[in-house]
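Below: one structure, written as structure tokens.
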Amino acid sequence: MRRALVTGITGQTGSYLAESLTAHGWEVHGAVRTVGEEARSGAPELHVADLTRPDEITTVIERVRPDAVFHLGGLTSVAESWADPAAYAVTVGGSTAAILAAAKRLTDAGHEVRVVNASSAEVFGRAVDQPQTARTAIAPVTPYGAAKALGHHLVQMYRAGGLPAANGILYNHESPRRPLAFVTRKITHGVAQIAAGRAETLTLGNLDARRDWGWAPDYAEALRLAADAPDDYIIATGVSHSVRDFVAAAFAAVGIDDWQPLVRQDPRFMRPNDAPEQRGDPSATEAALGWRRTVGFEELVAAMVAADLAALDEGATSAD
Ligand code: GDP
């Protein structure tokens with residue numbers, strides 16, 4: 001039985017990945033930040049490793065001796081990375097350095113450890129290429145993107161040195177498990193509240209930003225497959241939509257066509273250096289891994305709205 005260690009196992013994509021790895025016969029271990037943090041499912045064994053202290057993840061890797069580390073943990077907010085860039089550099093970039101070094105030590109000692117790193121579309125910054133490929137220049141424009149770029153480059157260096165390490169360059173990936181801090185879930189939760197008569201308006205930032213939104217469980221599958229073919233992979237749908245398109249689709253899902261009067265814009269939610277468009281070309285990934293997304297944009301929006309409506313019916317206020 002192959003043994004996996006998943007950082008970020010309690011997060012959206014880590015939880016889907018843990019479920020998929022378990023279903024595919026892996027023994028799954030998870031790294032969590034604090035004792036008592038509950039994994040959703042698929043994680044028989046949890047280990048404490050605070051990613052602000054890279055030595056802790058090193059110790060866990062040495063103790064668990066996994067066949068693969070899937071590194072999804074770390075701080076996740078592009079907007080908040082401006083407030084604490086040092087914390088992002090350490091938890092996102094520094095943790096990847098520690099994981100690669102530990103994997104290399106064990107591999108050199110005869111126990112091979114593969115590494116799959118969750119890289120990000122943010123490493124491309126305001127990319128000139130549309131769509132981006134794995135060869136697009138790394139030129140981040142946010143502290144989050146810079147921290148991801150450090151991990152991304154380190155993976156490439158260790159791979160060149162013989163370690164089986166992969167970058168999954170994840171574009172925005174969404175599901176009902178997405179926290180409310182992300183625009184998709186903020187929209188679907190807000191639209192469900194409006195449809196139920198519990199809120200009157202939805203307040204957002206930049207409606208013109210275009211993102212390539214995919215289904216998080218599909219992206220977890222791509223990360224799982226990347227373990228056996230270490231390379232850099234664009235994990236995207238190839239199609240971008242504006243935030244405005246997402247808003248319109250979410251309101252359409254509850255039968256509201258005239259949504260403009262219900263949406264406010266507030267500069268509080270505008271960001272410095274917000275990339276106008278991120279869109280990835282998944283064709284090389286599809287060819288190399290035999291991977292394909294299973295859920296498209298309309299279905300994704302409808303599924304998230306339906307989950308938020310169902311959560312309202314159950315009396316829950318937050319699904320994450
Ligand atoms: P990110 O790409 O990982 O930062 O994911 P987000 O879902 O947080 O943001 C996606 C896009 O939505 C960015 O271009 C944001 O500027 C834009 N956006 C517009 N309004 C909002 C908002 O109210 N909240 C968030 N989080 N993003 C917003």
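Observations, loosely collected:
- From 283, 240, residue being within 12 Å of the ligand (Cβ to nearest atom), at pLDDT 95 or above and farther than 22 Å from residue 143 by Cα: 240
- Scan of the range 202-234 for residues that are of a type in the set (Lys, Arg) and under 15 Å from the mean Cα position of the chain (by Cα), ordered by number: 211, 224
- Cβ-Cβ under 8 Å pairs, at least 6 apart or on other chains, the range 107-131 side closer than 11 Å to residue 149 by Cβ and of a type in the set (Asp, Glu), far side modelled with pLDDT under 95 and open to solvent by less than 10 Å² (accessible area, probe 1.4 Å): 122/275
- Scanning the range 128-170 for residues that are open to solvent by less than 40 Å² (accessible area, probe 1.4 Å) and within 30 Å of residue 110 (Cβ to Cβ) yields 151, 152, 154, 155, 163, 164, 165, 166, 167, 168.
- Every listed requirement among (1) within 21 Å of residue 237 (Cα to Cα); (2) out of contact with any Asp or Glu (no Cβ under 6 Å at 6 or more places or on another chain); (3) outside any helix (DSSP H, G or I) is met by residue 122 save one, (3).
- Here residue 218 meets the list (1) within 16 Å of the ligand (Cβ to nearest atom); (2) crowded, with 18+ Cβ neighbours inside 10 Å almost entirely, failing just condition (1).
- Among the residues listed as 279, 293, 271, 264, the single one being farther than 26 Å from residue 218 by Cα, surrounded by 12 or more Cβ atoms within 10 Å (Cβ to Cβ) and of a type outside the set (Gly, Ala, Ser): 271
- Filtered by the rule that a residue be part of a helix (DSSP H, G or I) and under 18 Å from the mean Cα position of the chain (by Cα), the range 46-81 gives 80, 81.
- Qualifying residue in the range 184-197 (condition: more than 12 Å from the ligand (Cβ to nearest atom), open to solvent by 20 Å² or more (accessible area, probe 1.4 Å), in a loop (DSSP other than H, G, I, E, B) and over 22 Å from residue 104 (Cβ atoms)): yes
- Scanning the range 32-46 for residues that are open to solvent by less than 30 Å² (accessible area, probe 1.4 Å) and either at pLDDT 95 or above or farther than 25 Å from residue 120 by Cα (or both) yields nothing.
- Hey, residue 86 in a helix (DSSP H, G or I) and among the hydrophobic types (A, V, I, L, M, F, W, C) or not: yes
- In the condition set (1) without any contact (Cβ under 8 Å) to a residue 60 or more places away in the chain; (2) surrounded by fewer than 18 Cβ atoms within 10 Å (Cβ to Cβ); (3) not small (Gly, Ala, Ser), residue 65 is compliant with all but (1).
- The number of residues in the range 262-300 being among the small types (Gly, Ala, Ser) and part of a helix (DSSP H, G or I) comes to 4.
Residues are listed down the side, and each one gets a yes or a no for (1) modelled with pLDDT of 95 or more; (2) in contact with a helix residue (DSSP H, G or I) (Cβ under 7 Å, 6 or more places away or on another chain); (3) outside the structural domain of residue 117 (by TED's automatic domain parsing); (4) hydroxyl-bearing (Ser, Thr, Tyr):
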{"site": "220", "(1), (2), (3), (4)": "yes, yes, no, no"}
{"site": "224", "(1), (2), (3), (4)": "yes, yes, no, no"}
{"site": "227", "(1), (2), (3), (4)": "yes, no, no, no"}
{"site": "231", "(1), (2), (3), (4)": "yes, yes, no, no"}
{"site": "251", "(1), (2), (3), (4)": "yes, yes, yes, no"}
{"site": "255", "(1), (2), (3), (4)": "yes, no, yes, no"}
{"site": "261", "(1), (2), (3), (4)": "yes, no, yes, no"}
{"site": "264", "(1), (2), (3), (4)": "yes, no, yes, no"}
{"site": "269", "(1), (2), (3), (4)": "yes, no, yes, no"}
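The values are calculated or read from the model by the stated rules, or taken from the named source; none is laboratory data. Note that this is a predicted model, so its numbers are computed, not measured. Using ideal geometry, Cβ is built from the backbone for each residue, glycine included, and neighbour counts are taken over all protein chains shown. Note: accessible area is taken over every heavy atom of the protein model, side chains too, but ligands, DNA and RNA are not part of it. Shrake-Rupley method; radii C 1.70, N 1.55, O 1.52, S 1.80 Å.
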